[in-house]
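Each remark here refers to the structure printed beneath this line.
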Amino acid sequence: MKFKVIGPAPFPVDMFRYNRCWPFGMDDSITIEKTLNGEVDYPPGLIHLETDDDRVTEERWASFGWTVIL
């Protein structure tokens with residue numbers, strides 16, 4: 001399942017574990033890294049992710065200030 005997220009830096013890396021997801025492409029990985037290094041202002045743009053799960057915990061993303069776009 002592919003989905004997109006947008007929110008303030010830094011990217012909530014715990015969501016990789018929580019939603020069993022990963023960046024969809026190299027550009028997404030670079031954007032995530034830049035949010036962690038403080039190189040991206042809010043908002044960093046859409047980050048595309050992929051998961052092998054059939055659900056995305058929108059409420060959990062929201063707790064970090066991030067919005068899920070399915």
Asp53 fails exactly one of (1) within 12 Å of the chain's Cα centre (by Cα); (2) in a loop (DSSP other than H, G, I, E, B); (3) at pLDDT below 95, namely (1)
- Does the stretch 28-37 contain at least one residue that is out of contact with any strand residue (DSSP E or B) (no Cβ under 7 Å at 6 or more places or on another chain), more than 13 Å from Trp61 (Cα to Cα) and among the hydroxyl-bearing types (Ser, Thr, Tyr)? yes
Given the condition in a loop (DSSP other than H, G, I, E, B), at pLDDT 95 or above and surrounded by fewer than 16 Cβ atoms within 10 Å (Cβ to Cβ), answer yes or no: does some residue in the stretch 4-11 qualify? no
Over the stretch 12-50, the set of residues modelled with pLDDT of 95 or more, in a loop (DSSP other than H, G, I, E, B) and small (Gly, Ala, Ser) is Gly25
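The values are calculated or read from the model by the stated rules, or taken from the named source; none is laboratory data. Here the structure is a predicted model, which means the values were calculated and not measured. Here the Cβ is made from the backbone with ideal geometry for all residues, glycine too, and neighbour counts use every protein chain on show.
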